[in-house]
Structures are given as structure tokens and as C-alpha cells.
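See structure below.
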Amino acid sequence: LRLQQPNERYLVSEIKDLRFDGRLADHAALENLRSETDRLVTAFQWKVGLAREFPLIACFMGGTGTGKSTLFNSLAGRTVSPVGIRRPCTLEAVVLVSEEFASQVQDSPYLENQTESTLTVVLHSQPELSRVVLVDTPDFDSVEISNRSVCERFFIISDVVIFVTSQEKYADHSGWEMLAQAIRWGKKTFCVMNKATSDNAYRDFYDNVMQLDRGIRPVRVEKQDKAVEIVPGLRDRQEFAELVLNSEEGAGTGQTRSRELEALLNRAIYSVEKLDDSVSAHAQRIASVNASIDRIVSGVSGEMEKQLDAIVTENIEGQIRERLSTLLRKYDVLFVPRMMVRKALRKIYYSVTELAGLGSGSDLGSDNDKQIRAADFEKTRSAARLEPLQTGIAKLNVQISELLSSDSGLEDLRQVASRDVERWGEEKIQSLYDDAFPGVEHILEVEFSKFRDGLSRSDEMKLYGSYTAWALFLITAEIIVGGGFTLFDAVVNTVIVPFIPKWLLNVKVLDVLREIGERVDLEHRTVLKEILRKQADLYTELFSKLVPGSDQRENLRKLRSRLTSSA
Ligand SMILES: Nc1nc2c(ncn2[C@@H]2O[C@H](COP(=O)(O)OP(=O)(O)O)[C@@H](O)[C@H]2O)c(=O)[nH]1
Ligand SMILES: [Mg+2]
């Protein structure tokens with residue numbers, strides 16, 4: 001057994017930090033496995049770091065009133081642990097340890113999270129007890145869950161288990177289970193029948209023990225005439241004297257300790273492996289569900305894309321014509337040379353500085369300009385046809401729900417999904433689309449500035465022309481979001497070109513419109529697909545969070561190999 005370096009000790013936060021979501025089907029089992037593993041690994045880390053001379057830990061274990069405390073006191077040679085009249089009498093564990101080793105018990109990370117009410121450490125300076133740490137544990141058949149868990153904790157760190165039963169109690173099932181567990185583990189085990197009066201009962205007990213393990217020699221302790229706190233002479237009986245003196249071991253704790261450490265390590269490894277495998281299995285299960293959801297998304301996304309291209313009808317053509325002429329008329333009214341006349345008149349009344357911006361003829365001042373254009377942009381936004389996305393999201397939700405219902409092993413995920421995943425409806429989809437739309441607005445703005453700057457400075461029509469261009473940009477975007485690039489392509493020559501003044505056609509405005517069209521088309525499709533994807537992400541992200549993250553799983557794997565390599 002390779003002893004670990006000091007800095008490797010107590011690095012078990014890997015297990016302490018693991019969290020399993022309560023909504024996971026196996027949550028309770030996983031949590032139990034986690035705390036069991038935590039206990040085993042912490043126990044191993046503590047024990048492996050103990051000094052070689054640290055005495056063997058011998059724990060008295062058994063059912064209520066069998067006489068554990070009495071025997072414990074008898075070996076201690078004094079009343080350390082209360083012997084009870086009322087049962088259950090020992091509500092806490094009592095650890096009797098030589099003061100020389102006090103700190104190693106008191107600083108034990110393994111024992112520290114037991115409150116004072118469950119653990120009493122009694123220090124002694126009795127040389128005859130220096131080679132053993134005696135532990136009196138609470139009754140393991142107690143109704144108190146906390147008592148049982150205290151027993152289990154001490155069972156794990158014990159080098160020797162002194163299994164105590166009494167003539168009245170020996171048939172009790174839970175006692176035998178405990179014994180069988182100690183034997184399976186390979187612990188050094190003593191079996192005591194206390195308060196024995198009948199040869200037959202002892203014989204029966206003896207045979208039962210033999211059937212479990214022929215290496216154990218059951219010890220018989222006669223019933224005292226009256227209730228006692230100490231059984232006289234018990235310490236001097238050979239079996240007990242050997243236990244206390246630990247004489248068979250030669251110097252130090254010897255073989256018993258190292259065999260026990262090995263067994264403890266193997267248990268810890270087994271438990272870590274089981275935990276790691278369970279966590280991986282769950283992570284795998286969720287990864288595979290998430291992969292299926294990804295496939296559903298691609299399928300639905302593909303179908304949705306096909307729905308985006310509208311078929312050209314006379315009705316659509318009419319609508320586009322109507323809208324474009326409205327836009328142009330509006331800008332016409334605002335910006336035809338009549339305005340120039342108005343400006344000339346105003347010049348007489350207003351100061352020159354105030355009119356400097358207007359007078360240059362390039363724009364109306366950027367704020368005002370933007371406001372006028374933004375008002376029309378609102379309509380462009382609402383022209384977007386979102387039914388394909390609404391249908392897509394509905395399909396996605398149905399298919400995911402079918403996926404989760406198809407396998408009873410996914411029942412927990414089905415419940416999580418139906419309880420905790422919001423399914424997006426029309427309104428939500430619209431608002432998500434609106435939030436994403438500034439992307440398109442930005443494209444139009446940038447293209448617009450570029451185009452306007454490109455117009456010749458000397459052009460008297462610059463201002464007017466640029467608003468005509470803006471109207472064309474808007475209608476292009478509207479056509480795209482309403483029916484895709486194919487629709488634009490289909491109507492550009494018949495419906496749009498007739499509206500474009502010749503001089504604008506000459507500066508290649510059509511090329512610019514196509515370019516804008518392609519970019520808006522791409523952006524629009526991307527936005528729709530992203531919204532679909534985000535709905536799916538609500539499922540996958542929630543599912544992923546149910547199991548520990550990849551960092552934690554990686555740490556668990558590292559711990560696993562660290563422990564395996566020290567075996
Ligand atoms: N008469 C008699 N009473 C005993 C003997 N051993 C234990 N007792 C009594 O049995 C009761 C329970 O003993 P205790 O050591 O507290 O049992 P524990 O619950 O296993 O710790 C106490 O009243 C003891 O005095 C014995 O050998 N003879
Ligand atoms: Mg007791």
C-alpha cells in the first residue's frame with residue numbers, strides 16, 4: 001500500500017461538492033451513494049494518514065441492551081460509558097483514547113461533522129490501554145436514524161469489530177446482518193454472547209457464527225447475578241486480554257491495520273467506481289436525449305426554411321405596389337423641391353446659423369432624419385411572416401414531448417419538461433423576433449449611409465434621392481421578411497423597378513437592393529432558426545443541469561484513478 005503524500009490527503013471535495021438535482025429519478029439513490037462514497041474516502045484518507053503507532057480501533061457493536069457499554073467499561077476497567085436502565089441507553093458514541101493520540105482523533109475530518117451529542121472523546125493515560133482505541137457505539141437497531149449512521153461511521157473506521165449480542169437478543173435479524181457485513185468486509189471480528197445462562201442458546205449461537213465464518217471463536221460471557229456496570233475479571237480473560245494488549249501483532253498495529261486499510265481502500269474504490277459509473281450513466285442518458293433534441297431541431301429547422309419562401313400572387317404584388325407608392329408619396333411630399341422654396345423663405349426670418357445644417361442640403365440633422373425613417377421601419381418589422389416559426393416551435397415541442405414519453409426511462413425528464421419548460425406562443429415569439437431585429441435595422445442603416453455618401457455631392461437631388469432610396473431599402477427588407485429572397489427576385493423587375501427614377505437606376509441602386517436583400521434574407525433566416533434553437537435549449541440546458549457538470553465528473557474520474565493507483 002503506497003501511503004499518500006500529505007498534500008494528496010483530504011482532497012475529497014470532489015465528492016462533497018457533487019450535487020444531484022432532486023428532480024432526477026435516481027436522486028435518493030445517487031445521494032446515498034455519494035454520501036457513502038464520501039464517508040469511505042474520507043475515512044481512508046484519515047486512516048492512511050495516521051501514525052503507524054496509532055492504536056487499533058476496536059468498536060463494540062450490537063443491539064439495545066445487549067451489554068455493549070458494560071463490556072466496554074469492563075475492558076476500560078472503569079465506568080466511562082453510561083450503562084443504562086432505560087433503553088435505548090447509549091445515545092452517543094464514546095471513544096476512549098490515550099491522550100497521546102488525542103489530536104489525531106479530535107482533528108479527524110472524518111469525525112468532525114458529528115456533533116458533540118453523538119460523539120464523546122474520553123482521554124486516558126492508562127498504559128494497559130495504550131494499544132487500543134475502544135469505542136462504545138449506539139445501538140445499531142435503534143429507531144433513531146442518526147444512531148444507525150453513527151454506527152455505520154464507526155464500523156467503517158474500525159480495525160476490530162466486537163459484535164455483542166445477548167441470550168435474549170441473539171436471534172435478532174439485524175444483528176446477524178451486521179456480523180455478515182463485517183465478515184464480507186474482512187474485518188477482524190469478535191463475537192460475544194453476553195448474559196448467557198443456557199448451554200443450548202450458546203451452542204446455537206456458536207453454530208450460527210460457524211456457518212458464517214469458521215475463523216471466529218464466539219466468546220461466552222455469563223450473566224451476572226445482578227445488573228452491573230463492570231463484569232469482574234473480564235479484562236483478564238484471555239480473549240479480551242489479547243484484544244486489549246494486541247499482543248499477537250508484535251510491535252505497532254501490524255498486519256491488522258494494513259489489512260484493514262487495504263479493505264477500506266478497496267471499499268472506497270468500489271464505491272467511487274459505482275458513483276462514477278452512475279453519474280456517467282446519467283450524464284450519458286441526458287447527453288443522448290439532448291442529441292435527439294438536436295436532431296429534432298435540425299429536422300424542424302429544415303422544414304421551417306422551406307415554408308419561408310412565399311408564392312407570388314397578384315395580391316402580394318398589389319400589396320407591394322401599394323406600400324411602395326405610399327412610402328414614396330410620403331417622402332415626395334416632404335422633400336420635393338417645394339421644400340427648398342420653403343427653406344429659401346425661412347432664410348429671411350431665421351438666423352443663418354440655425355439653418356446651417358439645412359442649408360447645406362445634405363440632411364435634416366441626423367436625429368430628425370432618423371426619426372422619420374424609423375417610423376416606417378416599424379412597419380417593415382411587422383411585415384415579417386412568423387407563422388413558419390410558430391409552426392416550427394409547436395412541432396418542436398410536440399416532437400420533444402413524444403421523445404420523452406416514448407421511453408419509461410425518461411419519465412423524470414418528461415416531468416421536468418412538462419413542469420419547468422416554458423413553451424413559447426405567438427406573443428413570446430413575436431417579442432423575441434423584435435428583440436433580434438435590430439440586426440436587420442443595422443444592415444439597412446449602414447447600407448443607407450454608404451449609399452447616400454456615394455451620391456455625388458453636387459447632386460441637387462441628393463436629399464430627395466436618398467429618401468427615395470430609403471423607401472426602396474425598406475420595401476426590399478419587407479419583401480424579404482415576408483416571403484424570402486425568391487419573392488424579391490420574382491417581383492423586382494415587374495413591381496419595383498417601375499417606381500425607380502432613371503437617375504437612381506443609373507447609380508446601380510438595383511445592385512445595392514439585391515445585396516441588401518441577400519443579407520436581410522440571411523439575417524432573417526438566422527434569427528428564426530436561432531429562436532427555434534433557443535426554445536430547444538430550454539430543454540437541453542435544464543436537462544444538463546440535473547447532473548454534475550463536466551468539471552465535477554472529471555474530478556471524480558481523477559479521484560477514481562488516484563485511489564486505484566494507490567491500491
Ligand atoms: N444481570 C446482568 N445484567 C447485565 C449484564 N450485562 C449487562 N447487563 C445489564 O443490561 C443492561 C444493558 O446493558 P448496557 O451495557 O447498557 O447495554 P447496551 O445497551 O448494549 O450498552 C444494563 O442494565 C446492564 O446492567 C450481565 O452480565 N448480567
Ligand atoms: Mg450502551
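Assuming R0 = 30 Å, what is the FRET efficiency of residue 17 and residue 415, from their Cβ-Cβ distance, to the nearest 0.05? Present the calculation step by step, with values, prior to reporting the outcome.
Working: r = 26 Å, r/R0 = 0.87.
Efficiency, rounded to the nearest 0.05: 0.70.
Dimensions of the range 465-522 along the principal axes, based on C-alpha atoms and rounded to the nearest Å, stand at 28, 20, 15, largest first.
Taking every alpha-carbon pair within the range 411-457, the share separated by more than 17 Å comes to 62 percent.
Among 278, 418, a tally of other beta-carbon atoms within 10 Å of each Cβ gives an order, fewest to most, of 418, 278.
Using the structure shown, select from 68/169; 379/502; 395/428; 188/558; 16/188; 47/187 the pairs with a Cα to Cα distance greater than 21 angstrom.
379/502; 188/558; 16/188
By other beta-carbon atoms within 10 Å, ranking 376, 511, 136 with the fewest at the front produces 511, 376, 136. Annotation for residue 514 and residue 385: the two label points, set 7 Å from Cα along the Cα-Cβ direction, are 2.3 nm apart.
The range 479-557 has equivalent-ellipsoid semi-axes of 49, 13, 7 Å, by the square roots of 5 times the alpha carbon gyration tensor eigenvalues, sorted largest first.
Projected over every direction and averaged, the convex hull enclosing the alpha-carbon atoms of the range 31-87 yields 6.0 nm². What is the distance, in nm, between label points placed 7 Å from the Cα along the Cα-to-Cβ direction at residue 441 and at residue 128? Here the answer is 9.2 nm between the modelled labels.
Straightening the chain between residue 144 and residue 281 buys 46.0 nm, computed as 0.36 nm per residue apart minus the Cα-Cα spacing. Considering only 228, 280, 315, and ranking their Cα positions along the charge dipole of the range 179-316 that arises from unit charges at the beta-carbon of Lys, Arg, Asp and Glu, the one farthest toward the positive end is 228. Out of every Cα-Cα pair that the range 31-177 contains, those further apart than 28 angstrom amount to 16 percent. Modelled this way, with points 7 Å down the Cα-to-C-beta line, the labels at residue 204 and residue 152 are 3.1 nm from one another.
Taking a quarter of the surface of the Cα convex hull of the range 138-281 gives a mean projected area of 10.9 nm². Between residue 309 and residue 506, residue separation times 0.36 nm minus the direct Cα-Cα distance comes to 67.9 nm. Residues of the range 168-204 with an amide N closer than 14 Å to a point placed 7 Å from the Cα of residue 263 along the Cα-to-Cβ direction: 178-191.
Taken together, the values in this text are just the output of simple stated rules run on the coordinates, not laboratory data. Just so it is clear, the model here is predicted, and its values are computed rather than measured. Note that we place each Cβ from the backbone using ideal geometry, even for glycine, and neighbour counts take in every protein chain shown.
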